[in-house]
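The values are calculated or read from the model by the stated rules, or taken from the named source; none is laboratory data. Note that this is a predicted model, so its numbers are computed, not measured. Heads up, the Cβs are rebuilt from the backbone with ideal geometry, glycines too, and the neighbour counts pull from every protein chain shown.
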Amino acid sequence: MTRDKSWMDKERDSVEWQTGMNDFLNFAFDGAHPDSTVPCPCRRCLNIVQKKKRDVHSDLLFNGMDPTYTHWIYHGEQSDEGSMSEDSDNEDAVDDGAGVCDMLNTLIRGTNMQSNANIGEGVGDIHVDDSSGDERNQEPNATAKVFFELLKEAKK
């Protein structure tokens, strides 16, 4: 079942947005212990920081919902993209494209959060040592290191 997410495009002070946010919080924390946490989907936390319900509520009010977070996979919504292929001969074959996209989005968001914390270190900053004549021996920047480490873990 697809949830109505049209409220995300409304103004935060509108009744529709407030109702939608409360519905989201009830969905995300459905049956959870009062002290449990979930990834905060606000524009600042980007599903990286784990927070309690009251803190997620405050963040959503102050920062708004991340507009790119339309499949609430970190909060219990099932992804339609990971379903079985109808014309596949192998019944165990699953389209893993959605998982890879989510992993890359998490990587990009984590890098953005890290770069915002370290002022002067932008995501697009490329650190090249011009004194070296051989470009193949250059050390990857921090963003590339994180990416390669995630790829290594994904292969496992």
Review point. Can you name every residue in segment 33-90 that is of a type in the set (A, V, I, L, M, F, W, C), at pLDDT 90 or above and either assigned to a loop (DSSP other than H, G, I, E, B) or more than 24 Å from Asp4 (Cβ to Cβ) (or both)?
Key: Cys40, Cys45, Leu46, Ile48, Val49
Review point. What do you reckon, is Val56 loosely packed, with under 13 Cβ neighbours inside 10 Å, among the aliphatic types (A, V, I, L, M) and over 12 Å from the mean Cα position of the chain (by Cα)?
Key: no
Practice item. Could you tell me which numbered condition Asn26 fails, if it satisfies all but one of (1) modelled with pLDDT under 90; (2) exposed (fewer than 13 other Cβ atoms within 10 Å of the Cβ); (3) within 21 Å of the chain's Cα centre (by Cα)? Key: (1)
